[in-house]
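Report on one structure; see the data block that follows.
The values are calculated or read from the model by the stated rules, or taken from the named source; none is laboratory data. In this text the structure is predicted, and so the values were computed from the model without any measurement. Glycine gets a Cβ as well: all are built from the backbone with ideal geometry, and neighbour counts include every protein chain shown. The accessibility values were calculated without ligands, DNA or RNA, using every heavy atom of the protein model including side chains. Shrake-Rupley method; radii C 1.70, N 1.55, O 1.52, S 1.80 Å.
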Amino acid sequence: MTALAVARRGLLVLGLPAVLFTVWWFATAGSTDFYFPPLATILDSFGKVWTGDRLLSDVVPSLLRLAAGYLLAVVVGVGLGLVVGMRRAVRDVLEPVLELFRAIPPPVLIPVIMLFAGIGDTMKVLVIVSGCMWPILLNTVEGVRAVDEVLGDTCRSYGITGVARLRHLVLRAASPQIVTGMRQALSIGIILMVISEMFAASNGLGFTIVQFQRSFAIPEMWSGVLLLGILGFLLSLLFRFAENRALAWYHGLRRAQRNP
């Protein structure tokens with residue numbers, strides 16, 4: 001990729017956030033509204049609040065819970081999705097149950113999860129899993145079901161079965177849709193990370209933002225919201241980088257098909 005292409009891509013990625021921050025800055029400059037302070041005041045609070053001890057006591061625990069819940073959701077979602085997608089009998093039995101649980105909003109399950117998991121980190125991780133698992137599971141099922149039948153017949157003809165077939169055909173063919181589900185699950189995980197920390201918590205981003213709101217520390221509260229937006233943006237960039245590396249063959253194939 002040339003330097004011009006890199007600069008162009010960077011402009012596309014950072015252009016809209018820069019415009020939004022500029023509009024926010026001038027729209028709130030000189031604001032005397034207690035609940036909507038100037039962006040300059042929020043940024044000043046940001047530097048004071050989210051550095052030093054609070055970074056380790058609130059931000060790091062939140063990210064660790066998000067990572068644990070997200071990775072567990074990937075393992076469960078992909079594993080169960082492979083079984084459901086490859087076995088029609090299993091799909092016929094589980095589909096009504098899966099549709100039932102998928103329709104339940106994860107925040108509603110927080111009181112239920114608290115009953116058997118307590119109010120510690122386990123509860124917060126399970127809440128994240130309960131929401132992140134579904135897009136990964138459903139996309140995995142659809143990806144497995146969409147595997148080319150001709151390729152499946154070819155594998156059988158060459159005696160490629162079992163783990164080898166799963167690794168070289170099923171997972172590779174379904175990986176674009178699996179990654180799509182993982183991308184959707186990441187944004188859901190960030191939301192549930194914050195919501196879970198608003199219930200019976202003693203640290204974390206969600207807990208701290210609520211404490212600022214209850215104590216009417218409005219600039220500090222907005223700085224927490226801003227931090228969540230920045231974290232979401234950075235995690236999205238990181239995921240996109242990993243996706244481009246893992247699915248380089250797929251994106252290359254699509255480019256070749258568009259430009260024969």
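A viscosity of 1.002 mPa s and a temperature of 20 °C, combined with the Kirkwood radius over Cα pairs in Stokes-Einstein, give a translational diffusion coefficient for the chain of 101 µm²/s.
With a Förster radius of 22 Å, plug the Cβ-Cβ distance of VAL19 and THR51 into 1/(1 + (r/R0)^6) and report the FRET value to the nearest 0.05. Kindly include the intermediate steps, with their values, before the conclusion.
Details: r = 27 Å, r/R0 = 1.22.
Rounded to the nearest 0.05, the efficiency is 0.25.
Roughly how many nanometres apart are two label points built 7 Å out from the Cα toward the Cβ at ALA29 and ASN259? Label at ALA29, label at ASN259, 4.2 nm between them.
Within the chain, helices built from complete DSSP H runs that reach 27 Å or longer along their own axis (Cα positions) and carry a mean Kyte-Doolittle hydropathy of 0.0 or higher are 3-28, 60-86, 121-145, 171-196, 218-246. Rounded to the nearest 500, the 222 nm mean residue ellipticity of the chain from helices alone is -26000 deg cm²/dmol, with -39,500 (n - 2.57) taken per DSSP H run of at least 4 residues. How much net charge surrounds MET86 when only other residues with a Cβ under 15 Å from its Cβ are counted (Lys, Arg +1; Asp, Glu -1)? Once positives and negatives cancel, what remains is +3. Each Lys and Arg adds +1 at its Cβ and each Asp and Glu adds -1 at its Cβ; summed about the Cα centre, the chain shows a dipole of about 940 debye. Surface composition of the chain: carbon and sulfur make up 68 percent of the accessible area, probe 1.4 Å.
Hey, what's the Kirkwood Rh for the stretch 30-94 if you take every pair of different alpha carbons, in angstrom?
So the Kirkwood estimate lands at 16.0 Å.
Between LEU71 and ARG102, the simple label model (points 7 Å from Cα in the Cβ direction) yields a spacing of 2.7 nm.
At the residue level, ASP53 shows approximately 130 square angstrom of accessible surface with a 1.4 angstrom probe and all protein chains present. Could you give the distance between the Cα centres of the stretch 131-165 and the stretch 187-203, to the whole Å? Using only Cα atoms, the two centres lie 34 Å from each other. Near GLN177: Cβ cut-off under 15 Å, other residues only, Lys/Arg at +1 and Asp/Glu at -1. The net charge is +1. Peptides 100-112, 162-174, 68-80 ranked from most to least packed by the mean count of surrounding Cβ atoms within 10 Å: 68-80, 162-174, 100-112.
Taking the Cα atoms of the stretch 106-260, the ratio Rg/Rh between the radius of gyration and the Kirkwood radius comes to 1.13.
When ligands, DNA and RNA are left out and all protein chains stay put, how many square angstrom of accessible area per residue does the stretch 57-258 have with a 1.4 Å probe? Walk me through the intermediate numbers first.
Values: 10830 Å² over 202 residues.
Value for the stretch 57-258: 54 Å² per residue.
What FRET efficiency, computed as 1/(1 + (r/R0)^6) with R0 = 25 Å and r the Cβ-Cβ distance, is obtained for ARG156 and VAL83, rounded to the nearest 0.05? After rounding to 0.05, the efficiency reads 0.80.
Positive end of the dipole of the stretch 57-258 (Cβ unit charges, origin at the Cα centre): among GLY224, ILE128, GLY252, the Cα lying farthest that way belongs to GLY252.
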